[in-house]
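The values are calculated or read from the model by the stated rules, or taken from the named source; none is laboratory data. Computed from a prediction, not measured in an experiment: that's the story for all the values here. No Cβ is skipped: glycine too gets one built from the backbone with ideal geometry, and neighbour counts run over all protein chains shown.
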Amino acid sequence: MMPLLELKNLTKTYHRAGEAPHVVVNVPHFTLAEGEQRALRGESGSGKTTFLNLIAGILAPDAGEIHFEGRNLVGFGEAKRDRLRAEKLGYIFQTFNLLQGHTVLENVELGMAFGGGVDRARAEELIRRVGLGERLHYFPGQLSSGQQQRVAVARALANRPRLVLADEPTGNLDARNARESLALIREVCRENGAALLLVSHDEAVLAQFENMQDFAALNRALVTNGGAA
């Protein structure tokens, strides 16, 4: 069966004035199956955020292939990458990236606006599903870190993505909220049939995954540089 995501010889190098080129990502091969949930262990500076941003189309690779649903995304123009990300991918950021001037409901609806269109009933359903049904019209600044993370989860699932990327999604939470948020992310992904690729350095988070591997085993740039940005 064809994997949902397959990467081949994926590389990304940063060029800084007055310095030698810095290879951040050099991944010969990586696959993720439909509905699979996998965690990657990676320390800060290991290149794992760059890796996720390449998959999401936020960054363009220097070389290699990114096959998603059988299509090679490398070579897509910016507008086409943006459309694919809005319709097919969900991204949960460590810093939440909520719009502070918009309510909980508006944040989720704005995520929908870039995809298939705003569906208020679904937005409200997801917000209730993450336990914030009584805070639809709250602003992010009126919520705790754990509650903001739940909004980010609802927004990431709003367009029924095929793949959810999670970058240190519990990094700003205490142990209890981290445990609850992780369980919520995994459960909602299962309910929606979405694959999940999560990166973290937190051993308590990584221990929750049956399918976990070291990012260092994938990324040859770590061997070359002894670390990455």
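List of remarks:
- Residue, farthest from Ala152 (Cα to Cα), within the stretch 84-133, restricted to residues that are small (Gly, Ala, Ser) and not in a loop (DSSP other than H, G, I, E, B): Ala121
- All positions within the stretch 1-60 that are of a type in the set (A, V, I, L, M), free of Cβ contacts under 8 Å to residues at least 24 places away in the same chain and closer than 20 Å to Tyr91 by Cβ: Ala60
- Filtering the stretch 148-171 to residues that are surrounded by 20 or more Cβ atoms within 10 Å (Cβ to Cβ) and either over 20 Å from Ala113 (Cα atoms) or among the polar types (S, T, N, Q) (or both) leaves Gln148, Gln149, Asn159, Ala166, Asp167, Glu168, Pro169, Thr170.
- Of all residues making up the stretch 96-118, the number that are in contact (Cβ under 8 Å) with a residue 12 or more places away in the chain and of a type in the set (D, E, K, R): 1
- Restricting attention to the stretch 134-177, the residues that are assigned to a loop (DSSP other than H, G, I, E, B) and among the aliphatic types (A, V, I, L, M) add up to 4.
- Of all residues in the stretch 89-109, those that are under 14 Å from the mean Cα position of the chain (by Cα) and either β-branched (Val, Ile, Thr) or surrounded by 18 or more Cβ atoms within 10 Å (Cβ to Cβ) (or both) total 8.
- Identity of the residue in the stretch 59-85, of a type in the set (A, V, I, L, M) and surrounded by fewer than 17 Cβ atoms within 10 Å (Cβ to Cβ), that ends up modelled with the lowest pLDDT: Ala79
- Taking the stretch 1-57 and the strands (runs of 3 or more DSSP E) fully enclosed by it, the elements with 1 or more residues that are surrounded by fewer than 17 Cβ atoms within 10 Å (Cβ to Cβ) are at 5-14, 22-32.
- Residue in the stretch 126-143 that is touching a residue at least 60 places away in the same chain (Cβ under 8 Å), surrounded by fewer than 18 Cβ atoms within 10 Å (Cβ to Cβ) and either closer than 28 Å to His201 by Cα or among the small types (Gly, Ala, Ser) (or both) present: no
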